[in-house]
Amino acid sequence: MNVISEIEFLRNDARLKLQEATKICNEADNLLVKTNESLNERDITLPKLIFIVNSLDQQLRLITIIKNSLILKFNDLVNLNNKLVNKLTKNLKKFENLIKILKTIEIDKSFSENENDSELTLFDFISEELVHELINDSESLIQDTSNSNRINKTNSLIIRFESDINNLKNNFKNLKLLLENINHNTETGNDDTLKDNNNTNKTTSNKGLDYDDNILKLFKINQELESELVSILHSFNNHYDQCNKGYTLIINNNNDDNQADNIEIVKFLQNDYNQLPNDLNLLKDCSIQIIKNSNEILNLIDLNFNKLKFKIEKILIKFKEKFQVINEFLIEFENNLNEFTLKISNLKSLKNNIRLISINFKNFIKSYYNLILEIDRRNNLNLKLQKLINEFKLNSNNLINDDFRLKENFLNLNGDYLPRNLITNSKFSNILSFENSLNLINIDYNFENLPNLNKNLINEAKNYLNK
């Protein structure tokens, strides 16, 4: 036996067999990688789709809440507008009556220096321009029909708005059905949001489970075949390594003393060589089965996931368009509400202005009549003071006259008998003296100049303030 020729043949054959086995394994491995990538993509995409659907569900709920809130606000604004218009109408009527009252209350002629001046009323002392402006603005707002147009326009928006939301909800049900068809976790309770208890959904979900079970079975079979493939490829690799080692040993120990050992190495490697064709056939069978299983998995993914995913994506595009329309509705609705709110704000402002000015005008009338009563009070005070002064002057001068007469009588009877130096204190020297003049009391008081009011005006003021 030519040991060197034989070991070279075995080494070359091991390398070729390893290359062939590697090529067979690479083809199967490529499909395994592609299958794993497809499954990974599905597992990554599915949660995203679930998240998107759940987000859409939340958006639909949010939009419904917003819609209901806007409708409530709109109805509140309509009611508030009607109340304010009625209130403004009543306030305006009271205001106009108040203006009539101001025009009927004449200013007393005594208030003017020239009694020939034309008769004035309280209305002449307020801004006629302000009055006309308030009345015109109020009538303009009360008679304004723009709010009725806004109400009709907004009601139309609400009808369209609700119709679009209902359409979205119907499409959303279809979207959930499609997603349940590819969501193998629906029936296991991992995604409660997508659950539905009706029979149609259960049937669809069971189909999804069957499809996923088939993939799982094929995937597990491929894992077992892949392990076997790796094991067989490992044996080819080991055989090639042993041939290389045997070749090195024989080349380095090619002498008569080691010939028996070299022959033993060749025989050992020949036994492995004889087994290689069977291993290669087994490797091919495993590879073919892996390829078939992988293609079947890819077909199932494409049939049950990719096509449905494509349908879902188309629906999502429609959803996006609808949401855009709804967003435009919301903007238009909000603009209408803002215009409505501005009108209501103007109503409130005008109503408050009329109320405040009416209060001022009423206080003006009240203060005018209080002025009348105040002037009357001061006139009465002047009369009382004059009476008191006159009475005081009369009584005090009578006392002075009596005192003068008594002093005179005292001195006539006693003055000749009383020495002048009897009282030396100069402070009291006047006791024994007498002046022939009377010092009568005269009181000066600056009385306030006041108008002489008409008694009817005073009674009118009292009657008004006692209401």
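For GLU460, the accessible area of its heavy atoms, probed at 1.4 Å with every protein chain present, is near 80 square angstrom. Taking a sphere under 14 Å around the Cβ of GLN143 and counting the other residues whose Cβ falls inside, with K and R at +1 and D and E at -1, yields a net charge of -2.
The accessible surface of the chain, taken with every protein chain in place and a 1.4 Å probe, is 49 percent carbon and sulfur. Using Cα positions and a limit of under 25 Å, work out the lysines in reach of LYS94, with same-chain residues fewer than 8 apart set aside. Within reach: LYS83, LYS103, LYS343, LYS348, LYS351, LYS362, LYS366, LYS462, LYS467. Backbone amide hydrogens, once placed in the peptide plane, bring THR121 within less than 5 Å of ILE107, excluding anything fewer than 5 places away on its chain. Starting from the Cα of LYS245, draw a straight line to each of the lysines and keep only those under 27 Å, dropping any in the same chain fewer than 8 residues away. Once the sequence-local lysines are set aside, what remains near LYS245 is LYS17, LYS23, LYS267. When the surface is traced with a 1.4 Å probe over the full set of protein chains, CYS243 keeps roughly 0 Å² accessible. In loop segments of the range 1-89 as defined by DSSP, there are no trypsin sites (Lys or Arg not before Pro) with at most 11 further C-beta atoms inside 10 Å of their C-beta. Here is the list for the range 69-126: GluC sites (Glu not before Pro) lying in DSSP coil, each with at most 11 other C-beta atoms within 10 angstrom of its C-beta, are GLU113, GLU115, GLU119. Using the rule -39500 (n - 2.57) for each DSSP H run of four or more residues, divided by the residues of the chain, the 222 nm mean residue ellipticity is -30000 deg cm²/dmol.
Taking a straight line from the alpha carbon of LYS393, these lysines sit under 25 Å away, with near neighbours fewer than eight places off in the same chain left out: LYS384, LYS407.
The values are calculated or read from the model by the stated rules, or taken from the named source; none is laboratory data. Keep in mind that this is a model prediction, so the values were computed, not measured. Glycine also receives a Cβ, built like all others from the backbone with ideal geometry; neighbour counts cover every protein chain displayed. Each accessible area value is taken on the protein alone, full model and side chains, heavy atoms only, with ligands, DNA and RNA left out. Shrake-Rupley method; radii C 1.70, N 1.55, O 1.52, S 1.80 Å.
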